[in-house]
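Colleague: Once you've had a glance at the structure underneath, I'll fire off some questions.
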Amino acid sequence: MWPLVCGCWPALVLLQQALLTAGLGVNEYLYFQVLSPGDIRYIFQTNLAKDFGGIFHTRYEQIYLVPADPPHACSDLNNGAFIQDQIALVERGDCSFLSKARVIQEHGGRAVIISDNMYDNDSSHIEMVQDGTARESEIPALFLLGKDGYMIRRSLELHGLPWAVISIPVNVSGIPTFQLKQPPWTLW
């Protein structure tokens, strides 16, 4: 009854629709699905950087997730040409989250997914924050659990593939829980 009294109901509905369009809606996580390789065809949970980076204005039905070389992406990349117009997978460590996002942006990446360097981390999301400099990044920056990042990279290595094909963002709010294809090693 209170939303009708305060007149906020239409604004709340519009906000919810905007969040769902952005791929958000469940605890403000953002989700992506690996389409290939098939052995890791799961929906993965990430969280957006707290105070830097952009948002997704487009839903990518199929885009490459390219592991950065070197993995920490703190300086020039050996595979920067493959990052152009794709999404980069980088590892936490050696420099700030913002520095990684800027390196990927400078190589023309559409977004960066930063996985924890603790490969056994299957439950603790880290809040990525600005590094105290005046620098900015325009591309979305997402944090991925270490176990998830490790399993994606391991699958690519096993198959001899230079990248995975993903769909991002994925709206999971309308998918029944029993139909979610979440990684078997991770509990949401």
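The values are calculated or read from the model by the stated rules, or taken from the named source; none is laboratory data. Remember, predicted model here, so these are calculated numbers, not experimental data. In this analysis, Cβ positions are derived from the backbone assuming ideal geometry, glycine residues included, and neighbour counts consider all displayed protein chains. We work out accessible area using only protein heavy atoms, side chains counted, and drop any ligands, DNA or RNA first. Shrake-Rupley method; radii C 1.70, N 1.55, O 1.52, S 1.80 Å.
Colleague: Leu24: open to solvent by less than 60 Å² (accessible area, probe 1.4 Å), under 12 Å from the mean Cα position of the chain (by Cα) and at pLDDT below 95, yes or no?
Modeller: yes
Colleague: On to the next question. Look through segment 66-85, keep the residues that are buried (at least 21 other Cβ atoms within 10 Å of the Cβ) and of a type outside the set (Val, Ile, Thr), and return whichever of them is nearest to Leu156 (Cα to Cα).
Modeller: Narrowing segment 66-85 to residues buried (at least 21 other Cβ atoms within 10 Å of the Cβ): 66-68, 73, 77, 83.
From what is left, the residues that are of a type outside the set (Val, Ile, Thr) are 67-68, 73, 77.
Values: Pro67: 9, Ala68: 13, Ala73: 18, Leu77: 19 Å.
In this case the residue turns out to be Pro67.
Colleague: Of the residues in segment 66-100, how many are of a type in the set (A, V, I, L, M, F, W, C) and out of contact with any Asp or Glu (no Cβ under 9 Å at 6 or more places or on another chain)? Steps first, please.
Modeller: Taking segment 66-100 as the starting set, the residues that turn out to be of a type in the set (A, V, I, L, M, F, W, C) are 66, 68, 73-74, 77, 81-83, 87-90, 95, 97-98.
With the extra rule that they be out of contact with any Asp or Glu (no Cβ under 9 Å at 6 or more places or on another chain), the set shrinks to 66, 81, 83, 87-90.
Result for segment 66-100: 7.
Colleague: Would you check if Thr58 is modelled with pLDDT of 95 or more, hydroxyl-bearing (Ser, Thr, Tyr) and out of contact with any Ser or Thr (no Cβ under 7 Å at 6 or more places or on another chain)? Don't jump to the end; show me each part of the working.
Modeller: Details: modelled with pLDDT of 95 or more: no; hydroxyl-bearing (Ser, Thr, Tyr): yes; out of contact with any Ser or Thr (no Cβ under 7 Å at 6 or more places or on another chain): yes.
Spelling it out, it is not the case that Thr58 is modelled with pLDDT of 95 or more, hydroxyl-bearing (Ser, Thr, Tyr) and out of contact with any Ser or Thr (no Cβ under 7 Å at 6 or more places or on another chain).
Colleague: Next up: Just for segment 92-125: of the residues that are among the polar types (S, T, N, Q) and in a loop (DSSP other than H, G, I, E, B), which one is surrounded by the most Cβ atoms within 10 Å (Cβ to Cβ)? First the steps, then the outcome.
Modeller: Within segment 92-125, the subset among the polar types (S, T, N, Q) is 96, 99, 105, 115, 117, 121, 123-124.
Of the ones still in play, those that are also in a loop (DSSP other than H, G, I, E, B) are 96, 117, 121, 123-124.
Values: Ser96: 17, Asn117: 16, Asn121: 20, Ser123: 11, Ser124: 9.
For segment 92-125, the residue satisfying everything is Asn121.
Colleague: Okay, moving on. When segment 126-145 is examined, which residues are found to be under 20 Å from Val66 (Cβ atoms) and part of a loop (DSSP other than H, G, I, E, B)?
Modeller: Of all residues in segment 126-145, those under 20 Å from Val66 (Cβ atoms) come to 128, 137-145.
Met128, Ser137, Glu138, Ile139, Pro140, Leu145 - these are the residues of segment 126-145 that are under 20 Å from Val66 (Cβ atoms) and part of a loop (DSSP other than H, G, I, E, B).
Colleague: Shifting gears a bit: Identify all residues within segment 44-54 that are closer than 17 Å to Ile166 by Cβ and not polar (S, T, N, Q); write none if there are none.
Modeller: Let us first name the residues in segment 44-54 that are closer than 17 Å to Ile166 by Cβ, namely 44-48.
Residues satisfying the conditions are Phe44, Leu48.
Each row is one residue, and each column tells you yes or no for (1) touching a residue at least 60 places away in the same chain (Cβ under 8 Å); (2) out of contact with any helix residue (DSSP H, G or I) (no Cβ under 9 Å at 6 or more places or on another chain); (3) over 16 Å from Thr46 (Cα atoms); (4) buried (at least 17 other Cβ atoms within 10 Å of the Cβ).
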position: Met128; (1), (2), (3), (4): yes, no, no, yes
position: Asp131; (1), (2), (3), (4): no, no, yes, no
position: Arg135; (1), (2), (3), (4): no, no, yes, no
position: Phe143; (1), (2), (3), (4): yes, no, no, yes
position: Ile152; (1), (2), (3), (4): yes, no, no, yes
position: His159; (1), (2), (3), (4): yes, no, yes, no
position: Ile168; (1), (2), (3), (4): yes, yes, no, yes
position: Leu180; (1), (2), (3), (4): yes, yes, no, no
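Colleague: Provide a single number: the residues in segment 72-91 that are assigned to a loop (DSSP other than H, G, I, E, B) and touching a Lys or Arg at 6+ places or on another chain (Cβ under 8 Å). Please lay out each step first, then the result.
Modeller: We begin by selecting, within segment 72-91, every residue assigned to a loop (DSSP other than H, G, I, E, B); these are 72-79, 84-86.
So of that shortlist, the ones also touching a Lys or Arg at 6+ places or on another chain (Cβ under 8 Å) come out as 72-74, 85-86.
Here the count works out to 5.
Colleague: When you look at Gln16, is it at pLDDT 50 or above and under 20 Å from Pro176 (Cβ atoms), yes or no? If you could, list the steps in order and put the result at the bottom.
Modeller: Working: at pLDDT 50 or above: no; under 20 Å from Pro176 (Cβ atoms): yes.
No.
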